[in-house]
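Each remark here refers to the structure printed beneath this line.
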Amino acid sequence: MGETRVLVGVFGAPQGVKGEVRIKSYTGEPRDIGAYGPLTTADGARAFTVLSLRPLKDDMLVARVEGVGDRDAAARLTNTELFIPRDRLPPPEPDEFYHVDLVGLRAVDEDGAVLGRVRGIVNHGAGDILEVMPDGPGETLLVPFTLAFVPVIDFEGGRVVVARGALLPEEEGDARIDDA
C-alpha cells in the first residue's frame, strides 16, 4: 500500500454559514492537528489545508479549510476521516507508541499459540479494543486493550501477548471476550 497513514481526526458538522467546519481531533494536543501539514482522506485522494483553528470544547475545534467557502461545502465534509503520513508524527517517547504501530503484529496467547494479527484498534466509547484477525477462518477477536488483557507488547519480537482471561471458551463457534 505504500506509506502508512494515521487517522488524526474527522470533520464534523458545519459551524455557521461562512464555510467553517468542526473537526474532532484525535491528536494528543487537539490543536496539533493543524501543524501536520495537509490532511488527507484514507486513500490520499483528497487533501485539505487547514487555514485556521479555534477551540470549541475538549477535542473539538472549528476550522477554516482552504477551498471551503460556504455552509454547503462544509456540510459535504461531514464525517470525512482525516489522515496524515506516519512519518509526519513526532517520534514517540520511550515506552510509548502510536496505535498504528501495533497493526500487523502477531497476537499470541500466554503459551505462544498464535491467535492472529492485530488489524487495528477501535474505541466505541468504553475504551480501546484491539481487533485481532485470525490467520485462518474464524471471527475477529475483540480484546480490551488494557494491561490486564494485553500484558506484553514486544515490537522487536513482532507480537502482542493476550492474557488467557481475555478469552472465554468458544460458544457456538465464536470466540468471546470477557467484559471484566
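The values are calculated or read from the model by the stated rules, or taken from the named source; none is laboratory data. No experiment lies behind these values; they were computed from the predicted model shown. So basically every Cβ, Gly included, is an ideal-geometry build from the backbone, and we count neighbours across all protein chains shown.
How many of the residues making up region 51-101 are surrounded by fewer than 11 Cβ atoms within 10 Å (Cβ to Cβ) and either in a helix (DSSP H, G or I) or in contact (Cβ under 8 Å) with a residue 60 or more places away in the chain (or both)?
2
Would you call residue 143 in contact (Cβ under 8 Å) with a residue 24 or more places away in the chain, surrounded by 14 or more Cβ atoms within 10 Å (Cβ to Cβ) and not assigned by TED's automatic domain parsing to the domain that holds residue 39?
yes
Residue by residue through region 50-64, note down the ones that are of a type in the set (A, V, I, L, M, F, W, C) and touching an Asp or Glu at 6+ places or on another chain (Cβ under 9 Å).
Once the filter is applied, which keeps residues that are of a type in the set (A, V, I, L, M, F, W, C) and touching an Asp or Glu at 6+ places or on another chain (Cβ under 9 Å), region 50-64 yields 50, 51, 62, 63.
State the number of residues belonging to region 102-129 that are in a loop (DSSP other than H, G, I, E, B) and not hydrophobic (A, V, I, L, M, F, W, C).
7
Scan region 7-25 residue by residue and report those that are aliphatic (A, V, I, L, M) and either closer than 12 Å to residue 56 by Cβ or touching a strand residue (DSSP E or B) at 6+ places or on another chain (Cβ under 6 Å) (or both).
7, 8, 10, 13, 21, 23
Sort out which residues of region 108-126 are under 27 Å from residue 26 (Cβ atoms) and surrounded by fewer than 11 Cβ atoms within 10 Å (Cβ to Cβ), and write them in order of number.
124, 125, 126
Filtering region 10-36 down to residues that are among the small types (Gly, Ala, Ser) and in contact with a Lys or Arg (Cβ under 6 Å, 6 or more places away or on another chain), which residue is farthest from residue 92 (Cα to Cα)?
Among them, the one singled out is 13.
Of the residues that make up region 137-152, is at least one of a type outside the set (D, E, K, R), outside any loop (DSSP other than H, G, I, E, B), more than 22 Å from residue 26 (Cα to Cα) and modelled with pLDDT of 95 or more?
yes
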